[in-house]
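Written below as structure tokens is the structure these notes are about.
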Amino acid sequence: MSKPIEITDQSFEQDVKSSSQPVLVDFWADWCMPCKMIAPIVEELAGEYEGRMNFAKMDIDSNPETPAEFGIRSIPTLLIFKDGVAVDQIIGAVPKGTLQKRLDAVLES
């Protein structure tokens with residue numbers, strides 16, 4: 001089963017912008033309780049969407065450049081990238097069904 005990969009400011013270009021598949025990036029921090037609430041859902045979805053979409057996590061405390069580039073002000077923030085461009089943004093801990101609908105919409109576009 002696939003799990004989200006840990007990415008950094010340095011690996012973002014290769015892991016996300018150059019990916020041949022859409023990528024969901026979970027911007028999080030260890031001290032963020034809603035981030036801990038959504039993490040198991042993101043892990044489940046990584047397994048369910050294996051082969052169709054990649055999943056990544058970025059610790060904003062260790063990697064400040066990328067969140068600043070995308071204007072991340074609150075966490076958890078999930079950005080969905082397609083062809084290297086952010087095409088959707090989800091802020092806060094949302095239900096799994098909500099995430100699935102947003103992921104499916106990106107895959108179908």
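Cβ-Cβ distance of Ile5 and Ser109, R₀ of 22 Å, FRET efficiency by 1/(1 + (r/R0)^6): the value works out to about 0.40. Look at Met58, Met37 and count the other Cβ atoms within 10 Å of each Cβ; fewest to most, that gives Met37, Met58. The spacing between segment 1-70 and segment 75-99, judged by their C-alpha centroids, is 10 Å. Neighbours of Ile90 by Cβ distance under 15 Å: Lys/Arg scored +1, Asp/Glu scored -1, total +3. Using the Karplus relation 6.51 cos²θ - 1.76 cosθ + 1.60 with θ = phi - 60°, the per-residue 3J(HN,Hα) values for segment 50-60 come to 3, x, 10, 8, 9, 10, 9, 10, 10, 6, 5 Hz, with x marking Gly and Pro.
Per-residue Karplus couplings for segment 11-26, computed as 6.51 cos²θ - 1.76 cosθ + 1.60 with θ equal to phi - 60°, are listed in order as 8, 4, 4, 6, 6, 10, 5, 9, 5, 7, 10, x, 9, 9, 10, 9 Hz, Gly and Pro entered as x. Once C-alpha pairs closer than 8 Å and six or more residues apart are averaged by separation and normalised to the residue number of the chain, the relative contact order reads 36 percent. Computing semi-axes √(5λ) of the Cα gyration tensor in Å directly from the structure and comparing it against [x] 46, 18, 10; [y] 27, 19, 8; [z] 18, 17, 13 singles out [z]. Result for the chain in a Gaussian network model with C-alpha springs under 10 Å: among Val87, Val16, Val42, the largest mean-square fluctuation is at Val87. Sparsely packed loop sites in segment 1-68 (the trypsin sites (Lys or Arg not before Pro) outside DSSP H, G, I, E and B with at most 12 other Cβ atoms within 10 Å) comprise Arg52.
The length gained by stretching the chain between Arg73 and Ala86 to full extension, at 0.36 nm per residue less their Cα-Cα distance, is 3.1 nm. Exposure proxy for Leu103, Leu45, Leu24: other Cβ atoms within 10 Å of each Cβ, ordered fewest to most, give Leu45, Leu103, Leu24. Applying the Karplus relation 6.51 cos²θ - 1.76 cosθ + 1.60 with θ = phi - 60° to segment 64-72 yields 3J(HN,Hα) values of x, 5, 5, x, 5, 4, 9, x, 6 Hz, where x marks Gly and Pro.
Coordinate-derived values only; no laboratory data. None of the values given here were measured: they were computed from a predicted structure. Cβ: placed from backbone, ideal geometry, glycine included. Neighbour counts: every protein chain shown.
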